[in-house]
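The values are calculated or read from the model by the stated rules, or taken from the named source; none is laboratory data. Fair warning: this is a prediction, and the values are worked out from it, not measured in the lab. Cβ sites come from the backbone with ideal geometry, for glycine too, and all protein chains shown count toward neighbours.
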Amino acid sequence: MSEEPVLVTVRILDREYRVACPPGEREDLMASARHLDQLMREIRDSGKVIGLDRIAVMAALNMAHELLEL
């Protein structure tokens, strides 16, 4: 029997998001959220991209590029 998902609150760019995940994946989710938060802050602080949605898309593109290079 699998364990019930737990709700985890993560903060990304000073906004809280509640995400359900299996108990054994909580730490990985938290690490992923910290990585995304750091990347989005770097993009925002560069001043080249304005708007949360555009910052999120640029962060997603950067992360996809990183994965494809593995």
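So here's what we get for this one:
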read-out	value
Close pairs (7 angstrom Cβ cut-off, 6 or more residues apart or separate chains): touching a residue at least 40 places away in the same chain (Cβ under 8 Å) and at positive phi in the stretch 11-38, among the acidic types (Asp, Glu) and in a helix (DSSP H, G or I) anywhere	13/37
The listed residue being in contact with a strand residue (DSSP E or B) (Cβ under 6 Å, 6 or more places away or on another chain) and at pLDDT 95 or above, out of 31, 20	20
Single unsatisfied condition, residue 67 versus (1) within 9 Å of the chain's Cα centre (by Cα); (2) exposed (fewer than 10 other Cβ atoms within 10 Å of the Cβ)	(1)
Unique residue being of a type outside the set (D, E, K, R), surrounded by 13 or more Cβ atoms within 10 Å (Cβ to Cβ) and touching a Pro at 6+ places or on another chain (Cβ under 7 Å) when the list is 49, 6, 10	6
Residue tally, condition among the hydrophobic types (A, V, I, L, M, F, W, C), out of contact with any Lys or Arg (no Cβ under 6 Å at 6 or more places or on another chain) and not in a helix (DSSP H, G or I), over the stretch 1-47	8
